[in-house]
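Coordinate-derived values only; no laboratory data. What you see is a predicted model, and the numbers here were worked out from it, not measured in a lab. Note that each Cβ is placed from the backbone with ideal geometry, even for glycine, and that neighbours are counted across all protein chains shown.
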Amino acid sequence: MTGLVSIPSRAGFLAARASGIKAVSAGFVLQAVPTGRDQWRLGLTASKKTGNAVRRNRARRRLRALARTELAARARAGTDYVIIARHGTVDRSWSDLTNDLDKALGYLHRQLDKGNLDKGNLDKGNLDKGNLDKGRSNGDQSNGGRRNGGGRP
C-alpha cells in the first residue's frame, strides 16, 4: 500500500477503545480492532497531556512516519490501528520507538490470533455512536448542555 488510510470518524477511534486490544509502551499506546475491511486503517491522536500544540504536532508527525516505515510492513488487512502519543513520544529515540512498535505489534497480533476480544462489541449494530459514547452527549450534561458551564441558568 502506498499511502496510509485514515480512520475517518470518531466512532472508529471509540470502537478501538471499547472493543479492541491495547498495548502500552513508553513511547505510545497502540490499539487494534478487527474490522473485516479489505485494508488496514490508521488513527493518530495526541491529547493535551502530550504537551502544547507544537509538541503534539511533532508527536503525530513522528508516529505517522513510524506507521509509514514500520507498521505498513506488518499491518494486517481488516484491522484498525490507533496510535496514541504519550508525553515521551517526542523525546524518545527513533530506535526505541521502532522497538516499542515491534513489541506492541507482536503482542497485539498474538492476542488477535487467540481471539481475545469481546465478540459482542464487534457487531455492526453495537458500533453506533450511542453505545460507544456510554450515554454522554451534550444534552446530558448537568450544566444544561453548555460546555463552559457559565452563563444564565
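Structure notes:
- The HN-Hα couplings worked out from phi for segment 50-60 by the Karplus form 6.51 cos²θ - 1.76 cosθ + 1.60 (θ = phi - 60°) are 5, x, 6, 4, 4, 5, 5, 5, 5, 5, 5 Hz, whole numbers, x standing for Gly and Pro.
- 20 Å reach of a label modelled at Asp113, 7 Å along Cα-to-Cβ, counting backbone N of segment 1-41: 20-24, 30-36, 40
- Each of Val54, Val90, Val24, Val82 was scored by other Cβ atoms within 10 Å of its Cβ. Listed from fewest to most, they are Val54, Val24, Val90, Val82.
- Amide H partners (placed H, <5 Å) of Trp40, local residues excluded: Gly78, Thr79
- Based on the reciprocal of the average 1/r between different C-alpha atoms, the Kirkwood radius for segment 10-132 equals 14.7 Å.
- Fully extending the segment from Arg61 to Asp96 would add 11.0 nm, taking 0.36 nm per residue of separation and subtracting the current Cα-Cα distance.
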